[in-house]
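The values are calculated or read from the model by the stated rules, or taken from the named source; none is laboratory data. A quick note: this is a predicted structure, and the numbers were derived from the prediction, not measured. Here Cβ is always computed from backbone atoms with ideal geometry, including for glycine, and neighbour counts include all displayed protein chains. The accessibility values were calculated without ligands, DNA or RNA, using every heavy atom of the protein model including side chains. Shrake-Rupley method; radii C 1.70, N 1.55, O 1.52, S 1.80 Å.
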Amino acid sequence: MKLSEVDILILPGLYGSKDGHWQVRWADKIRSAALVEQADWSDPDPEDWIDTIVKAVELAERPVVLVAHSLGCIALAKAAAQLTDGKVKGAFLVAPPDVYRDSAPEAVKDFAPVPRDPLPFPSLLVASSTDGYCALEAAADLAGAWGSEFHDAGEAGHINIESGHGPWPEGLLMFTRLMQRI
């Protein structure tokens, strides 16, 4: 599938994605991409985030590909049960947090339980062996439960600005591979 044939909806995580983050850069550079704005980035309500994602997909005029980072991945997984009409063609999931870890912020823990049903569309989950918010094994477990292809990005931190991933060209290459599959 070509980028010009789909609406790419970008789902940031807790606190949103700031200027310079790869998600913001992609939204600026890819003509068919848009950031999905949540009502509250700092104190998220899981049901509100889910409803916002579902409504964004419903409002899209073309087939949709979702690009989620961090808590956006968990919100997408929770919304997936309502996204079964075939409009979503795929999802690119990056650095999901482990909502069950003791040190997780309460705002993240509020998204438990995490669905373990396969996503109703093809997906690729990218995780890092040095992500302080999720062990690689926990991310691989999510990928298995969701039926996602799994990619170990190595020692890449949380794959955000703080870990040195502003433009993240490797991510764009992985996203392109996903687009070729769908």
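Full extension from residue 170 to residue 109: what is 0.36 nm times the residue separation minus their Cα-Cα distance, to one decimal in nm?
19.0 nm
Which residues make up the longest stretch of the chain that has no GluC sites (Glu not before Pro) in a DSSP loop with at most 10 other Cβ atoms within 10 Å?
62-154
Give the longest segment of the chain that steers clear of chymotrypsin sites (Phe, Trp or Tyr not before Pro) in DSSP loops with at most 15 neighbouring Cβ atoms within 10 Å, not counting the sites themselves.
Here the longest segment lacking exposed loop sites spans 16-99.
Given +1 on the Cβ of Lys and Arg, -1 on the Cβ of Asp and Glu, and no further charges, what dipole in debye does the chain carry about its Cα centre, rounded to the nearest 20?
My answer is approximately 800 debye.
Over 22 Å between Cα atoms, which of 87/109; 2/78; 89/109; 55/87; 18/78; 2/87 qualify?
Going by Cα-Cα distance, 87/109; 2/78; 89/109; 18/78 fall outside the 22 Å limit.
Would you work out which of 179, 130, 67 lies farthest towards the positive end of the dipole of the chain? Charges go on Cβ: Lys and Arg +1, Asp and Glu -1.
Most positive-ward Cα: 179.
Quick one: pull the percentage of alpha-carbon pairs in the stretch 25-176 with a separation above 22 Å.
The answer is 37 percent, as a whole percent.
Report, in deg cm²/dmol and to the nearest 500, the calculated mean residue ellipticity at 222 nm for the chain, where each DSSP H run with n ≥ 4 adds -39500 (n - 2.57) and the sum is divided by the residue count.
-9500 deg cm²/dmol, from helical runs alone.
In whole Å, how far is the Cα centre of the stretch 12-37 from that of the stretch 125-182?
Each part reduced to its Cα centre gives a spacing of 16 Å.
Relative contact order of the stretch 61-147: what whole-number percent is it, with Cα pairs under 8 angstrom and at least 6 residues apart?
31
Of the accessible area of the stretch 96-139, with the probe set at 1.4 angstrom, what percent is carbon plus sulfur?
55
Contact order normalised by length for the stretch 2-81, with contacts defined as Cα pairs under 8 Å and 6 or more residues apart; what percent is it?
The value is 44 percent.
Please give the per residue accessible area of the stretch 77-182, computed with a probe of 1.4 Å over protein heavy atoms only, in Å².
Roughly 46 Å² per residue, with all protein chains present.
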